[in-house]
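The structure under discussion appears below in the form of structure tokens.
The values are calculated or read from the model by the stated rules, or taken from the named source; none is laboratory data. Note that this is a predicted model, so its numbers are computed, not measured. Virtual Cβ from ideal backbone geometry, glycine too; neighbours counted across all protein chains shown. Surface areas here come from the heavy atoms of the whole protein model, side chains and all, with no ligands, DNA or RNA. Shrake-Rupley method; radii C 1.70, N 1.55, O 1.52, S 1.80 Å.
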Amino acid sequence: MTQGLLIAKPPFISEKSLLTPCYYIGQAVCRFLLCPGSPGKLWSDCSPTCRSRDQTLDLSDKYGRGHPRGVIAVEDLDHSIFMKSLPVKTFPAKKIAQIILLVALCAYIAGIAGVLTIFLMLWMTRQSFAVDCHEKHGISHQSASRLGGLAVFFCAILTCWISVGMDLSVESFGERLTATPVTCAILIGVIGLWDDTRGELSPALRITLSAILFSACLLLNPDYIPSTIGIPLIDDLLKFWPAAFVLCVVACIAILNATNMADGANGLMPLVFLGAFYSFFQISAEPVYFAVTAGLAVFALFNVLSGKLFLGDVGSYGLGTLAVLSAIKITSGNDAEVWFFLCLTAYPVIDFFASFIRRKHAGRSPLAPDNDHLHNRLYEYLRRFLSSPLAANSISGLIISITTTGVAVLLLNWWNAYSNYWIALFAGQIAVYLIAFYALPTNQASARTQTSQL
């Protein structure tokens, strides 16, 4: 009995065929993306039931003659016996079509950066580290990688590099990445990455480290701190610089935790961030915001369609930091009202304070996680009509992100960023959130968990 690798070469592929290079390139891509844990094995080596990356095919001598290094070529096999006897897992044509369509869409969105990011995300979903348990957010039906934030960063940095003509000089490329908000976002993102991969940081330690980095950023850039935001009582405090400094740090930490807490449905926070950074680009025309927008568009597409990759703490922390510091910077330059930014991030902000009050009223820690957010309730409602958990999950995220951030981005075409209309919109978003929260059914699993904890 000979054990080796089966290379499934189609009969129309020959040594002189023009398709031969495409065939071997495709096999190499499949080897890299689909069986990263077992070098030298292809998709066809995997078990039909569990796709085990530790199994190889037992090939009898009667099926074909042996080759060096234990490789058996299909053209050397008795095909009638081969088709009936070998447990070969083929790569289905439907799956190939889905990947090709996904690659084409991402190429349209972000060019070569989008294509490379798709391959990176496919590879991430096949890894065994930094995996998020499917029960953590209450609406996930499958475990997923928490490294999506790295994919967004990869696409953004590659887009920036291409935008400067692939120039590696510090003057043209490095200055975009060494800007203080970006630097702070990367450092706080590292905190999230450590928690994603090691899970050893307590909430208090994460808040403390984030507060130190936010404080350093604002001390190095005191001009970021606004002197007025249009709210009388707060404007009086902003006139006193130490009070203004403390308020900005507290606001940064609150928004950061709000974005992390709300990241519980496919496409929800990716599209909220996408709308925010797209608006920042519309206001300031800074290329870094366009690059991040492109990276988020590619990630959101993959996240909504597959549900196998989350932003994770590295993504929600890093993007949340960049968003809140950018908002403070733009507000201090009087280019937009604070109400506009609240409308862009309405769902995470409102959900954070509503959850804080709800948990405090129930006698639990305000920062303790639970599964009774609005997106959890909406998911439970949609599951009554949709048999697919993935569809219900993704539609929940799309509905919330489009009806909150999406509306604000759309209205930016008619309203100025410093218009007073944003106050009315934010008040309306609060009202809609409260009505929807109490109208939708309670997450029963979360309710039982809370009852057992009391």
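Looking at Ile350, Ile435, Ile423, just one residue is more than 18 Å from Ala262 (Cβ to Cβ) and touching a Phe, Trp or Tyr at 6+ places or on another chain (Cβ under 6 Å), and that residue is Ile423.
Table: residues versus (1) part of a helix (DSSP H, G or I); (2) over 22 Å from the mean Cα position of the chain (by Cα); (3) free of Cβ contacts under 8 Å to residues at least 24 places away in the same chain.
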{"residue": "Asn303", "(1), (2), (3)": "yes, no, no"}
{"residue": "Val314", "(1), (2), (3)": "yes, no, no"}
{"residue": "Asn334", "(1), (2), (3)": "no, yes, no"}
{"residue": "Arg358", "(1), (2), (3)": "yes, yes, yes"}
{"residue": "Gly363", "(1), (2), (3)": "no, yes, no"}
{"residue": "Phe385", "(1), (2), (3)": "no, yes, yes"}
{"residue": "Thr405", "(1), (2), (3)": "yes, no, no"}
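In region 351-377, what residues are open to solvent by 20 Å² or more (accessible area, probe 1.4 Å) and aliphatic (A, V, I, L, M)? Scanning region 351-377 gives Ala354, Ile357, Ala362, Leu367, Ala368. Within region 275-301, residues that are under 13 Å from Ser163 (Cβ atoms) and in a helix (DSSP H, G or I) have Cβ atoms under 7 Å from residues that are open to solvent by 10 Å² or more (accessible area, probe 1.4 Å) and among the β-branched types (Val, Ile, Thr) in these pairs: Phe281/Thr293; Val288/Val182; Ala291/Thr159; Ala294/Ile109; Ala294/Thr159; Gly295/Thr159, counting only partners at least 6 apart in sequence or on another chain.
Checked against the criteria, Leu367 counts as of a type in the set (A, V, I, L, M, F, W, C) and farther than 30 Å from Tyr418 by Cα.
Scanning region 204-222 for residues that are under 24 Å from the mean Cα position of the chain (by Cα) and open to solvent by 70 Å² or more (accessible area, probe 1.4 Å) yields one hit, Leu205. So is Ile400 more than 27 Å from Ile225 (Cα to Cα) and open to solvent by 50 Å² or more (accessible area, probe 1.4 Å) or not? In short, no.
Of the residues making up region 407-427, just one is in a helix (DSSP H, G or I), open to solvent by 30 Å² or more (accessible area, probe 1.4 Å) and not aliphatic (A, V, I, L, M), namely Tyr421. So, Leu177, is that one open to solvent by less than 70 Å² (accessible area, probe 1.4 Å), modelled with pLDDT under 85, within 17 Å of Ala156 (Cα to Cα) and among the hydrophobic types (A, V, I, L, M, F, W, C) or not? In short, yes.
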